[in-house]
Ligand code: ATP
Ligand code: MN
């Protein structure tokens, strides 16, 4: 679970050009605007991430016009992600400790975008236990991990803004899953339609093993069709060996989808020595989509060429383009 609110230290405070009363603060790998005089470098604060929905409380009144949701904003030219509150918003009895998750204590909930009908489908069952769900950690909370893997050769793909899909073949049985559940076969459901159109069951069958492929469904009716596609399709980003419970390394994944003539997510870099500076990675995330250059890309996903696991589980993370969030978050 994502820690939406936690106790974190302010590591830097810098002036913002042409702004006297505010400063740019760094917390974890996030940059945000704070009021001048409210915090000093080294202070602990309650840091609340974007996508948080705050409860009704006088201290959160300033967010009312934004439905109490913390979003990416730009203030005096400075992109600001998240909000720092003083420790005084916490209950007196709480024992203050750096890193402590206070999401529940503060009654904070996560904003979830609504799911369109053609995607929701009819549930056949829970998400299969023999395949991991798709997910990506945000780079901004990986300060230590980045240092550990600095220089590691990675590949970088474009993060597409669609809807997660998993197709699998296990012990001869074909299944279609959205982000959190397995779906009943249906002609109305987009995940199934694309499976049928691309002949995915037969393709997976031809491999003769228990395998799952995971990707992003994009196109008409999905996330406002930012890539302006006709119809719907999928772009794959994972292949998972069910029998050995492991992801395929990049080169094997790539070979697999190419042999099956299935489309992959766009690749930005195939041999990128990982850098640990988060601002540099954020800059790399900014740009047009490789599917349609006039569309801002949502971001990028970075992974080592050889699969690795660490404290966060699979070493793989996302860097969201802050300009994408500025453009699309308010709608
Ligand atoms: P958060 O955890 O940050 O609150 P979230 O869990 O809803 O947000 P997303 O921001 O949607 O996650 O990011 C993870 C999703 O990104 C994956 O589940 C996957 O469907 C999707 N995705 C799109 N493009 C890629 C890609 N190139 N590589 C990996 N995943 C991708
Ligand atoms: Mn997530």
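Of note:
- For segment 123-160 and segment 46-117, distance of Cα centres in Å: 24 Å
- Here the Kirkwood formula, the inverse mean of 1/r across different C-alpha pairs, assigns segment 144-280 a hydrodynamic radius of 16.2 Å.
- With Cα atoms defining each centre, segment 271-286 and segment 172-238 are spaced 30 Å apart in the structure.
- Mean separation of Cα contacts under 8 Å (6+ apart) over length of segment 1-155, as relative contact order %: 26 percent
- Just so you know, the Cα atoms of segment 5-110 work out to an Rg and Dmax of 13.3, 41 Å.
- Projected-area mean, segment 283-331, by convex hull of Cα positions, square nanometres: 4.7 nm²
- Burial ranking of peptide ranges 3-9, 211-217 (average Cβ count within 10 Å, highest at the top): 211-217, 3-9
- Evaluated on segment 266-307, the Kirkwood hydrodynamic radius is 11.4 Å, with distances taken between all distinct Cα atoms.
- Among 303, 235, 64, residue whose mean-square fluctuation peaks in a GNM of the chain (springs only between Cα atoms under 10 Å): 64
- Mean residue ellipticity, 222 nm, helices only, the chain: the sum of -39500 (n - 2.57) across DSSP H runs of n ≥ 4, divided by residue count and rounded to 500, is -3500 deg cm²/dmol.
- By the compact-protein rule of thumb, 2.2 N^0.38 Å, the alpha-carbon radius of gyration of segment 232-313 corresponds to a ratio of 1.23.
- Nearest-ten-degree value, helix 250-259 long axis tilted from longest Cα axis of the chain: 40 degrees
- Which of 320, 16 has the fewest Cβ neighbours within 10 Å, and the rest in rising order: 16, 320
- Share of pairwise Cα separations in the chain, more than 34 Å, in percent: 29 percent
Every read-out reported here was derived from the displayed coordinates using simple, explicitly stated rules and does not represent laboratory data. Quick caveat, the model's predicted, so the values are computed rather than measured. Quick reminder, even Gly has a Cβ in these numbers, built from the backbone with ideal geometry, and neighbours come from all protein chains shown.
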